[in-house]
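What follows is calculated from the coordinates using simple rules that are stated; it is not laboratory data. On a predicted model such as this, the values are computed, not experimentally measured, just so you know. A quick note on method: Cβ atoms are made from the backbone with ideal geometry, for glycine too, and the neighbour counts reach across all protein chains shown.
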Amino acid sequence: MKFRFLLIALPLVLLPAVRSQTAAEKIGLSFKRLDRDGNGKVTREESGKAKWFDHGDENKDGQLTLDEAVRRLSALVERHGTPEPEVEPPDESLKEQPQVLKASDHGVGRRVPEIELKDIAGKAVKPAAGSKATVIVCFGASCPISKKFGPELARLEKEYGGKDVGFVFWCPVDGVKNEELSEFAMTHGLSSPIIAGAKGGLASALRPTTTTEVFVLDAARTLVFRGAVNDQYGLGYSKPAATQNYLRDALDAVLRGESPPVEATTAPGCALDLEAPVAATAATPTYHREISRIMQAHCVECHREGGLGPFALESHEDLEEHAGMIRKQVERGAMPPWFAAPGAHAVFSNDRSMPEADKSALLIWLKSGRPPGDPAEGPLARKFAEGWTVGTPDVVFQIPEPVAIKAEGTMPYQKRVVETTFAEDRWVQGYEILPTAPEVVHHVIVKVRPKGSMVRERGEGEEGFFAAYVPGNSHRMLPPGFAKRLPAGSGLSFQIHYTPNGKATADQLKIGLIFAKEAPLNEVHVAAVAQPRLNIPPGEANHVESKRQVIPVNMNITAFMAHMHVRGKSFKYEFTTPDGKTETLLDIPRYDFNWQLQYDYAEPKFIPRGSTMTITAVFDNSSSNPANPDPTKTVRWGDQTYDEMMIGYVEHYRPLR
């Protein structure tokens with residue numbers, strides 16, 4: 001391996017060209033910057049998953065110490081000189097899969113003391129006599145990732161319960177109702193004792209980090225494993241099946257009298273916050289005075305009873321229960337979901353990003369004991385329409401039969417067609433797509449088809465769409481004077497992506513249409529700039545594709561929606577005018593398949609004819625992408641998520657008179 005290759009991904013903050021300082025001094029300064037938690041070690045995540053990490057990690061424990069960095073990297077600098085490195089930006093993917101940890105740094109090998117435990121009914125919980133191992137399983141009654149693991153936990157409980165392994169299910173969150181915990185167990189067929197609470201000896205002894213972490217104690221109460229159940233589910237991804245079965249492997253090893261092959265991993269799930277709070281002051285925000293209003297402005301539209309979010313955030317108690325996950329998602333920019341680059345190139349009317357002042361106040365409150373404050377200072381409750389958000393539709397079309405959704409894994413796209421019966425063209429000013437099981441609907445694309453036409457198996461999506469649904473963006477109302485044409489006798493085809501959530505169910509979604517009261521002045525279309533000639537090499541983490549398309553007419557652009565599948569990493573729209581001036585229209589540096597948002601301009605953007613629209617996308621087909629179905633495969637265009645797409649949808653209008 002050549003030295004220059006090692007430097008390709010080395011960020012300037014870690015190994016800049018050494019001039020006035022020695023390599024060791026530079027590395028020491030940069031190491032301090034990357035060591036975010038101040039524990040004297042840099043993890044792969046803290047390094048941005050840089051390519052140089054494996055070279056510096058001398059003992060291959062998944063962590064880089066300062067001694068290792070200086071010893072391994074300084075020697076290379078001294079031997080080969082200090083060329084200016086080519087810099088690859090850190091991977092800021094919102095996906096998170098289990099990472100192997102150094103076990104001894106996380107309590108593995110220590111004895112867990114006898115702790116008096118009582119289940120939610122008040123009965124004492126003790127390991128059964130003769131148990132060869134005890135598994136303590138963290139879960140969250142409302143955590144969506146915990147729910148996905150439910151069926152596997154039931155299988156493990158049944159299979160290993162017959163091998164003298166005891167199970168205890170623990171919700172390490174205060175304030176959760178016993179009924180919710182019992183419902184979680186009943187839904188997934190769990191029969192072992194349930195304990196609850198974030199305070200007490202067990203929390204101090206084990207210090208859990210997420211609601212999906214599991215702990216294995218042997219017969220002598222030695223902690224022999226902590227980490228993830230497996231790698232099938234994590235933050236931002238789901239796999240058809242697990243490729244690493246950490247808990248099963250650990251239990252099999254313990255039953256053989258051996259050490260687990262992997263003794264500690266991270267466990268991506270809903271984050272817990274069990275740290276001692278910072279003392280609140282008179283200036284600390286309170287829930288009723290500030291935080292409740294921030295929630296109303298940015299969160300409760302989805303996170304409310306009956307909303308699309310996996311749990312409600314409408315009360316102080318709700319925020320207490322989910323404090324760790326709120327903090328994690330806000331700090332890393334995953335929530336509220338808005339992925340246009342900061343300092344966006346336009347003003348978007350549906351911009352969900354949280355202002356820095358609100359973000360700062362929320363994080364201070366989360367770290368300062370979360371004081372409730374005076375209820376008299378609280379805001380009026382927000383009211384939300386039940387059923388149709390856009391009002392009563394003029395007509396409703398529903399897919400013919402319910403679609404069965406399995407409990408686990410992934411599902412291929414489902415395609416359904418509904419025929420309309422209009423004898424003449426209709427003008428549609430608004431629509432809303434309403435699933436009957438919204439918790440499992442990832443996204444929906446609706447297209448208009450000429451009467452009697454068939455759904456094609458390949459190439460869908462290249463021509464634009466009529467309506468679209470993603471969580472948090474299920475409807476579209478156009479301004480007065482704007483509408484979409486629905487031709488007489490046409491059909492509506494639905495391409496539906498379902499995401500199993502741990503419980504089998506069924507969905508029979510419908511679309512409601514609102515017609516314009518009079519003939520519109522402007523007809524709205526959704527065009528597509530697509531690159532169907534994809535050729536993404538196996539193992540490539542930063543494969544770039546682009547497509548240029550000349551715009552033959554003047555366009556008034558009103559919105560964008562980028563579409564890729566699970567290897568999608570970033571997406572950018574640019575246009576170049578006939579006189580050669582280039583402008584960025586939308587930059588999505590962290591594309592997230594789970595949030596295929598539409599970006600609506602506050603004011604239309606005029607693009608003169610003869611301009612060139614360019615879309616550029618980056619794909620991650622490497623094994624470091626946890627959502628990647630097969631990193632050994634050359635990936636090409638295809639409808640299903642194991643294939644790829646690259647489509648830049650563009651909503652625009654043209655005057656009719």
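The table that follows gives values for the structure above.
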| quantity | calculated |
| --- | --- |
| Taking N as its residue count, the alpha carbon Rg of segment 386-518 over 2.2 N^0.38 Å | 1.06 |
| Among Ile405, Pro537, Trp388 - extreme Cα towards positive end, dipole of the chain, charges at beta-carbon | Pro537 |
| For segment 548-618, size of Cβ-based charge dipole, Lys and Arg +1, Asp and Glu -1, in debye | 260 debye |
| Per-selection metrics, segment 515-657 (Cα): Rg and Dmax in Å | 16.8, 55 |
| Free-standing Cys, the chain [no other Cys Cβ under 4.7 Å] | Cys138, Cys171, Cys299, Cys302 |
| Two-decimal Rg to Rh for segment 141-248 - Kirkwood Rh, Cα set | 0.93 |
| Helix axis angle, 178-188 relative to the chain longest principal axis, alpha carbon, degrees | 80 degrees |
| Point-charge dipole on Cβ atoms (K/R +1, D/E -1) for segment 204-297, about Cα centre, debye to 20 | 260 debye |
| Leu521, Leu319 arranged by Cβ crowding within 10 Å, fewest neighbours leading | Leu521, Leu319 |
| Value of D in µm² per second that Stokes-Einstein yields for segment 299-346, Kirkwood Rh from Cα pairs, at 10 °C (1.306 mPa s) | 134 µm²/s |
| Those chymotrypsin sites (Phe, Trp or Tyr not before Pro) in segment 135-206 that DSSP places in a loop and that have at most 14 other beta carbons within 10 Å | none |
| Radius ratio Rg over Rh of segment 204-274, counting only Cα atoms, Kirkwood formula for Rh | 0.99 |
| Under-5 Å amide H pairs with Val125, H placed in peptide plane, nonlocal only | Leu117, Lys118, Asp119 |
| Environment charge at Thr634 (Cβ cut-off 14 Å; Lys +1, Arg +1, Asp -1, Glu -1) | -1 |
| Cα centroid separation - segment 591-617 against segment 158-201, whole Å | 47 Å |
| In Hz, Karplus ³J(HN,Hα) per residue of segment 621-634 (6.51, -1.76, 1.60; θ = phi - 60°; x = Gly, Pro) | 9, 9, 6, 6, 8, x, 8, 5, x, 7, x, 8, 9, 6 |
| Amide H contacts of Gly610 (H built 1.01 Å from N, under 5 Å, at least 5 apart or other chain) | Ile551, Val553 |
| Cross-link pairs Lys41/Lys569; Lys60/Lys147; Lys126/Lys163; Lys239/Lys569; Lys126/Lys328 - those with Cα-Cα distance over 26 Å | Lys41/Lys569; Lys60/Lys147; Lys126/Lys328 |
| Residues with amide H under 5 Å from that of Phe348, placed H, sequence gap 5 or more | Ala602 |
| Leu434, Leu362 arranged by Cβ crowding within 10 Å, fewest neighbours leading | Leu434, Leu362 |
| Per-selection Kirkwood Rh - the chain (Cα, Å, 1 d.p.) | 27.3 Å |
| Residue order, fewest to most beta carbons within 10 Å, for Lys517, Lys406 | Lys517, Lys406 |
| DSSP loop GluC sites (Glu not before Pro) with at most 11 other Cβ within 10 Å excluded, longest remaining stretch of the chain | 117-257 |
| Against the rule of thumb 2.2 N^0.38 Å, how large the Cα Rg of segment 303-397 comes out | 1.33 |
| Length-normalised contact order for the chain - Cα pairs under 8 Å, 6+ apart - percent | 12 percent |
| Listed residues Thr612, Phe339, Thr210: farthest to the positive end of the dipole of the chain (Cβ charges) | Thr612 |
| Degrees between helix 246-255 axis and first principal axis of the chain (Cα, 0 to 90, nearest 10) | 30 degrees |
| Antiparallel %, DSSP beta bridges [both residues in the chain], to 5 | 90 percent |
| Total charge dipole magnitude, the chain, about the Cα centre, Cβ charges on Lys, Arg, Asp, Glu only, Debye to nearest 20 | 840 debye |
| Positive-end extreme of charge dipole, the chain - chosen from His497, Ala271, Val440 (charges on Cβ) | His497 |
| Surface/4 of the Cα convex hull for segment 581-657, nm² | 7.9 nm² |
